[in-house]
Structure formats: structure tokens, C-alpha cells
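The values are calculated or read from the model by the stated rules, or taken from the named source; none is laboratory data. Small disclaimer: the values here were computed from a predicted structure and weren't measured. Note that we place each Cβ from the backbone using ideal geometry, even for glycine, and neighbour counts take in every protein chain shown. Ligands, DNA and RNA are excluded from the accessible area calculation, which covers all protein heavy atoms including side chains. Shrake-Rupley method; radii C 1.70, N 1.55, O 1.52, S 1.80 Å.
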Amino acid sequence: NNTSLPVELTSFTSSVTNNNVKLNWNTATEVNSFAFEIERKDAGSVDGWQKIGTINASGNSSSPKNYSYLDNNISTGNYNYRLRMVDIDGSFKFSNVVNAGVLSPAKFDLGNAYPNPWNPTTTIRYNVPMNSPVTIKVFDAVGREVATLVDEVKPAGSYQITMNGKELSSGIYFYRMTAGSFTETKKLILIK
């Protein structure tokens with residue numbers, strides 16, 4: 001059933017930060033609204049829509065309500081999003097479609113680990129501007145390899161990886177990213 005529902009949607013927008021898409025929408029009023037199902041599809045694809053999340057609606061409200069949903073770690077590309085507004089009786093209506101373009105990073109980049117000093121985990125962010133084999137390895141203070149965090153071909157995009165140091169001793173470590181001719185090394189301090 002795709003009939004008119006007693007949900008007055010006043011706006012539906014998208015914004016992109018790195019490879020995360022934030023969807024925001026507002027309603028003026030809601031009567032017997034149950035949920036907003038968030039759907040996504042590749043803008044250039046003939047494949048159907050995919051449900052990626054659900055946000056509970058307010059049910060009954062005569063005042064404006066604000067909603068948001070964060071679609072994290074999306075690959076580079078152009079995407080369409082829509083809301084499937086579901087009433088408590090199961091009837092539904094689709095919102096207008098909004099578009100979001102996730103761009104490739106401009107350059108290879110190895111971010112600072114956070115937290116640093118760390119115990120027991122730290123997160124390392126990195127950017128890949130084009131499909132490329134990427135390795136990220138961790139070395140102790142005398143140069144011995146103690147871990148390989150990444151060793152694969154990565155499509156263009158922004159990534160993060162979490163390192164667990166529970167098997168390591170306190171001390172200074174270095175992490176190195178290599179991708180093509182790009183190499184960068186940064187310091188980690190593990191405190192137990």
C-alpha cells in the first residue's frame with residue numbers, strides 16, 4: 001500500500017563528511033507513525049533499494065520532530081537515499097530521493113593513532129585516493145615487526161583500523177603505511 005500517510009515530512013537532506021553520509025529529516029506533525037526505514041542504492045545501479053537502517057518514529061505528535069541517521073564508512077561513489085515512512089497499520093509512503101556523492105580522498109594519508117598513548121586499543125585512520133595495494137605494519141623500538149594490520153588491495157576511500165595491544169609490552173612502537181611509492185611512519189606509545 002502506497003497511500004498518503006498522516007506524516008507531514010518538511011525536509012529530507014544529506015551531507016557528506018569523508019566517507020560518512022548523514023541524513024537529516026524533519027516532520028511538522030505525525031499521527032500513528034511507526035518508523036522510518038532508511039533505504040540506499042548506488043545511483044548508477046539498476047539494482048533495487050537496500051534497507052540499511054530503521055529509526056523509530058514519534059507515533060503521535062503535533063509539534064516538529066527532527067531525525068538523523070549516519071551511514072558510516074561508505075565506499076567512494078554516488079548514492080541515492082529515501083525514507084520508507086511506515087504507519088502503525090503497516091501502510092507506507094516513500095519520501096523524495098536525496099543524493100550523496102562520496103569523493104575519493106585527494107592523497108594517500110596516514111592519520112595519527114587515537115588514543116595515543118593507548119591501552120589496550122587504538123584506532124588508526126588512513127586515506128587511499130585510488131585502488132592500491134596497502135600495507136600497515138607495526139614495529140617495536142628496535143625495528144622488529146610485531147603486527148600486520150592491513151595487507152590487501154584497497155579501493156579509493158577513507159578507512160580506520162583498530163589495533164589491540166594486549167599481547168604487547170609497554171613501550172614505543174612505530175606503524176608504517178606503504179601504498180605504491182607512498183610510505184609514512186608514525187609513533188605509538190603503549191602504556192600498561
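Put simply, when 130-137, 30-37 are sorted by average Cβ atoms within 10 angstrom per residue, most first, you get 30-37, 130-137.
Lys and Arg at +1, Asp and Glu at -1: add these up for the other residues within a Cβ distance under 14 Å of TYR114 and post the number. Residues near TYR114 contribute +3 overall. The Cβ shell under 13 Å around SER169 holds other residues with a net charge of +1, Lys and Arg each +1, Asp and Glu each -1.
Averaging the sequence gap over all C-alpha pairs within less than 8 Å and six or more residues apart, then dividing by the number of residues, gives segment 12-81 a relative contact order of 42 percent. Counting Lys and Arg as +1 and Asp and Glu as -1, what is the net charge of the other residues whose Cβ lies under 14 Å from the Cβ of ASN72? Charge balance near ASN72 sits at +2. If r is the Cβ-Cβ distance from GLU152 to ASN56 and R0 is 35 Å, what FRET efficiency results, to the nearest 0.05? The value I calculate is 0.40. Among SER14, SER91, SER63, the largest mean-square fluctuation in a Gaussian network model of the chain (Cα springs under 10 Å) belongs to SER63. Taking the Kirkwood radius as Rh and the Cα radius of gyration as Rg, segment 1-149 has a ratio of Rg/Rh equal to 1.14. Put a dot 7 Å past the Cα of GLU145, heading toward its Cβ, do the same for LYS186, and the two dots end up 2.1 nm apart. Straight-line reach from LYS107: taking Cα to Cα under 19 Å and skipping same-chain neighbours fewer than 8 places apart, the lysines in range are LYS154, LYS186. Largest first, the residues LYS65, LYS107 sort by 1.4 Å accessible area into LYS107, LYS65.
Once the C-beta distance of ILE161 and THR10 is scaled by a Förster radius of 45 Å, the resulting FRET efficiency is 0.70 to the nearest 0.05.
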